[in-house]
Each structure stands twice: as C-alpha cells, then as structure tokens.
1. Run the quick spin-label model on Ser30 and His43: label points 7 Å from Cα toward the beta carbon, then report their separation in nm to one decimal.
2. With every protein chain in place, what's the accessible area of Arg29 (1.4 Å probe, Å², nearest 10)?
3. For segment 24-34, what does the Karplus curve 6.51 cos²θ - 1.76 cosθ + 1.60, with θ = phi - 60°, yield as ³J(HN,Hα) per residue in whole Hz, taken in order and with x for Gly and Pro?
4. Give the carbon-plus-sulfur fraction of the accessible surface of segment 86-151 in %, rounded to a whole number; probe 1.4 Å, heavy atoms of protein chains only.
5. Which whole-number percentage describes the relative contact order of the chain, with Cα contacts under 8 Å and a sequence gap of 6 or more?
6. Please give the per residue accessible area of segment 52-108, computed with a probe of 1.4 Å over protein heavy atoms only, in Å².
7. With all protein chains present and a 1.4 Å probe, how do Lys110, Lys215, Lys130, Lys152 order by accessible area, largest first?
8. Looking only at the chain, where both bridge partners belong to it, what percent of the DSSP beta bridges are antiparallel (to the nearest 5)?
Amino acid sequence: RVVLVHAAPAGDAQKGFVNYRAEEPPRIRSSILYAARGVSTFHGVQELRGCVIAGAGGWSEALSVNNCLWFGTPQGFMKQWKVENVLLSEGFALGPGCELRSCTVCGPVKVAGEGCALFDCLMHSVESGKPGTRIEHCDPYGPPPVFIDLAKPGKGCFSAPPQFVNPNVFDYRLLPTSPCRGKASDGGDIGFRYTPEMIEILQVALELRRRGIIKF
C-alpha cells in the first residue's frame, strides 16, 4: 500500500533515470508506481499484484503481473512474463515465453518471441513473426486485419466490438449485450475483470491525477 512517485528523474532538463534495487527479489502489491518519463528501472522485481503502474518502465525478466492497471507501454525486454487479469492502456510486444490471460489491451499485441500464448484476451490486433503462438478464446476487435503475419486464430477466437461500458472513464466492463460475455475458456467473460480492490486503487490513482501528482 505504497505510492511511489518519481516525477522528474535527474531534473526536468535532463534525461536521467532512477534505479530501484533490492538484494532479494521484491514483490510489489497494492501500490501505485509512477515515473513521468517512464525511465525508472526496477531490477529483479518478481511480482506485481493489485497495482496501478503509470509510465514506470525497465522491468525484469520473468515478471508475474496480476490484477493490475497499466497505463503506458511496459518497457524493457519482456521474457517469460506471466500477465493475468491486467488492463493495459496501450499495445506492446511480447518476448520469448510470455503468456497473457484474461487481459484487455487497448492497442495491438506484437509477438516477437517464441513460446508465447494469449488466452481469454481482448486487443486491437495480434501480430506474430514466430510460428506456433497459441491464441485461444480471444477477441481482436480492431479494424481488419486483426490476425497479422503468422498469428492464427485458435479455439474460441472471433472478432467483434467488445462493447465496453465507458472507456473514457476507464470503465472497461462489458455491456450486457457484449459478444464477449460468457465466451472465455472458464465460461466467464473475455478480457479484464475488475475486482473490488482494483476499483479501490483506481479511485486513489484518479484522485492523485486530479491533484496533479501523477499523469496518465
């Protein structure tokens, strides 16, 4: 339950950065992380759970991300990331061995490594330069083409507008008429699912934004 804000690393006029290091791989939970230019680096972080991340970049390999809201594009080399129930405000690229499950990505997903998988996800489109990427029960809802290059739809995939409640206020719940309802592999809804804890921390982040402390 920490708010970590680094608004101007090394001064407004410099392109500096700040490093966060720990001898033991840390787990960060129920926290808000913000860096104005996205140039902070978090070495060896093992897990992010129940967090809001805004512009904080330079993450570790083999990172586990659960029940988070991520504003901005994750930076750094993504290798063996396990991302579950996460809302990402922008598209991003996956390195080797990455897995996305029950995520909503407000942009394209590009698969740049082998052994990647996407399950029960919403995204604008998915592109893969590697064969064998598993894509199941996903709805790439952007304008065609939505499966690009070697990306192939697997079991339960389709393409249709997901019908979010109100993305302008970060309400990415699905309307009752959404074609994504009940279409996930577990019989639930495809995409990010809000928990009471996530609604609580989002309200805190929105209040910090209203005060001008963080931006996203």
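The values are calculated or read from the model by the stated rules, or taken from the named source; none is laboratory data. Keep in mind that what you see is a predicted model, and the values were worked out from it rather than measured. Ideal geometry is used to build each Cβ from the backbone, glycine not excepted, and the neighbour counts take in all protein chains shown. For accessibility, only protein heavy atoms count, side chains too; no ligands or nucleic acids. Shrake-Rupley method; radii C 1.70, N 1.55, O 1.52, S 1.80 Å.
1. 2.9 nm
2. 120 Å²
3. 9, x, x, 10, 10, 9, 6, 10, 10, 10, 9
4. Values: 1230 of 2260 Å².
That share works out to 55 percent.
5. On the way: 615 pairs, mean separation 28.0, N = 216.
RCO, the chain: 13 percent.
6. Details: 1620 Å² over 57 residues.
That works out to 28 Å² for each residue.
7. On the way: Lys110 105, Lys215 150, Lys130 70, Lys152 125 Å².
If we order Lys110, Lys215, Lys130, Lys152 from most to least accessible, we get Lys215, Lys152, Lys110, Lys130.
8. On the way: 2 of 50 bridges.
Roughly 5 percent of the DSSP beta bridges within the chain come out antiparallel.
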